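The values are calculated or read from the model by the stated rules, or taken from the named source; none is laboratory data. The structure presented is a predicted model; accordingly, all values stated were derived computationally and were not measured. Don't worry about glycine lacking a Cβ; one is built from the backbone with ideal geometry, like all the others, and counts go over all protein chains shown. All accessible areas refer to the heavy atoms of the entire protein, side chains included, with ligands and DNA or RNA removed. Shrake-Rupley method; radii C 1.70, N 1.55, O 1.52, S 1.80 Å.
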Amino acid sequence: MMGQPMANYAAARRAGDFVFVSGVVAVDPARKAVVQSYEELPALAREQLRSLGYDTGQMTVDLYEAPAVAQSWFVLDRIRQVAREHGARMQDVIKLVQYFRDLRHYPFYNRVRGLFYGDQPPASTVVEVARFMPSDMALIEVEATIHLK
């Protein structure tokens, strides 16, 4: 599996027809650092984010938006990778629990989530947890439940 957990727990666990994905944060496993900028994402991600009006090239705008937007894309892409590892697709993700250090980041995340789900997002719970992220730089953590067919 790409990206192992940061502590001693399973990144994902299958139970019958379900896969339960532990909370995913935007830690680049190669650098062991939390993603903070668009430059840390693949070219395809940046192109997709530009289609939403992000990654503008304007320093004052990108400095403010980039950490939440880049982390949103990275986390959702990691969940997509876990789904694929189990023979599933993003459409098979039936529930997300989304934790935010600051709920003001939710609108950024919500727009990015549309790239992965369109207008059919899974059932969702949104929680603000200012003190319980694994790093002060981690703004978003997402748990997923995947139904295998």
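Brief remarks follow.
- The helix-based estimate of mean residue ellipticity at 222 nm for the chain, built from -39,500 (n - 2.57) per DSSP H run of four or more residues and divided by its residue count, is -10500 deg cm²/dmol to the nearest 500.
- Rounded accessible area per residue of the chain, 1.4 Å, Å²: 54
- Of all accessible heavy-atom area on the chain, the percent that carbon and sulfur account for (1.4 Å): 53
- Charge tally around residue 128: other residues with Cβ under 9 Å, Lys/Arg +1 each, Asp/Glu -1 each, net 0.
- Fraction of beta bridges assigned by DSSP in the chain that are antiparallel (%, nearest 5): 75
- Label selected from (1) 18.7, 74; (2) 18.3, 64; (3) 14.6, 48, the criterion being Rg and Dmax of the Cα atoms in Å as computed here: (3)
- Mean sequence separation of contacting Cα pairs (under 8 Å, at least six apart), scaled by the length of the chain, corresponds to a relative contact order of 33 percent.
- Residue 145 exposes around 30 Å² of accessible area when a 1.4 Å probe is run over every protein chain in place.
- Comparing 102, 119, 77 in a Gaussian network model of the chain, where Cα atoms under 10 Å apart are tied by springs, the biggest mean-square fluctuation is seen for 119.
- Loop GluC sites (Glu not before Pro), the range 47-149, which have at most 13 other Cβ atoms in a 10 Å radius of their Cβ (DSSP): none
- At an R0 of 35 angstrom, the distance between the Cβ atoms of residue 91 and residue 129 translates into a FRET efficiency of 0.80.
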